[in-house]
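Below: the structure, in structure tokens.
The values are calculated or read from the model by the stated rules, or taken from the named source; none is laboratory data. This is a predicted model, so every value here is computed, not measured. Here the Cβ is made from the backbone with ideal geometry for all residues, glycine too, and neighbour counts use every protein chain on show. Keep in mind that these areas ignore ligands, DNA and RNA; they rest on the heavy atoms of the full protein, side chains included. Shrake-Rupley method; radii C 1.70, N 1.55, O 1.52, S 1.80 Å.
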Amino acid sequence: MTPFMLRVAEVLGSEELGEELPSPALRPSMVRPVGKGNDIHHAYRGLTEQLVCEVNAMLPAEDDHMNLVDDVIGNELSYSVYYRGRAAVVTTVFGEGTAYGRVVADGLDNTEPHELAGPESIEDLLLLLLMESDTPRHLAH
């Protein structure tokens with residue numbers, strides 16, 4: 001198992017989670033060149049796909065699995081992760097030779113435009129989604 005799968009197993013094996021939910025590191029959305037914004041978006045999206053697969057491998061077959069959905073709307077690339085009625089959406093907006101990222105998710109302060117602080121934030125974002133979604137506490141295997 002990967003280190004992330006062990007973190008997921010810890011969440012799933014815990015009868016009581018307490019008050020401490022993971023908090024993904026965020027930073028204010030930054031304007032950057034289009035190429036850099038595109039590279040970051042696709043790198044994060046690829047890592048998110050891998051981590052969603054790892055979460056799903058740990059969930060029992062009878063439970064709903066996380067779903068990853070890509071979308072292009074106008075000048076925005078986005079992907080969304082859904083689990084049990086909760087969502088996290090990572091978007092990159094392009095225009096006038098620049099790009100900026102944004103993350104909006106249940107359990108996060110969405111009042112100001114923020115982006116993930118780095119790829120390590122994706123794990124905490126997915127764990128937050130998992131923990132906020134009334135996940136049954138039992139392992140797949």
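Along the charge dipole of the range 1-88, pointing to its positive end and built from +1/-1 on Cβ of Lys, Arg, Asp and Glu, which listed residue (His42, His65, Ala88) has its Cα farthest out?
Looking along the dipole axis, the top candidate is His42.
Once Cα extents along the principal axes in Å is worked out from the coordinates, which option in [x] 50, 27, 26; [y] 45, 38, 23; [z] 72, 37, 20 does it equal?
Computed from the coordinates, Cα extents along the principal axes in Å corresponds to [x].
Using just the alpha carbons, could you tell me how many Å³ per residue the convex hull of the range 33-83 encloses?
59 Å³
Taking all protein chains in place and a 1.4 Å probe, what share, in percent, of the accessible surface of the chain do carbon and sulfur account for?
Percent of accessible area from carbon and sulfur atoms in the chain: 52.
Ranked highest first by average number of other Cβ atoms within 10 Å, how do 80-89, 93-102 line up?
Final packing ranking: 80-89, 93-102.
Given Cβ point charges of +1 (Lys, Arg) and -1 (Asp, Glu) and nothing else, what value in debye, to the nearest 20, does the dipole of the chain about its Cα centre take?
500 debye
Between Phe94 and Ser23, what length comes free when the chain is fully extended (0.36 nm per residue of separation minus the Cα-Cα distance, one decimal in nm)?
22.9 nm
Per residue, what accessible area does the chain have, given a 1.4 Å probe and all protein chains present, in Å²?
53 Å²
Relative contact order for the chain: what is it in percent, counting Cα pairs under 8 Å that are at least 6 residues apart? Walk me through the numbers before you get to the answer.
Working: 227 pairs, mean separation 49.1, N = 141.
Relative contact order for the chain comes out at 35 percent.
Could you work out the helix-only [θ] at 222 nm for the chain, with each DSSP H run of four or more residues adding -39,500 (n - 2.57) and the total divided by the number of residues, to the nearest 500 deg cm²/dmol?
Dividing the helical sum by the residues of the chain leaves -11000 deg cm²/dmol.
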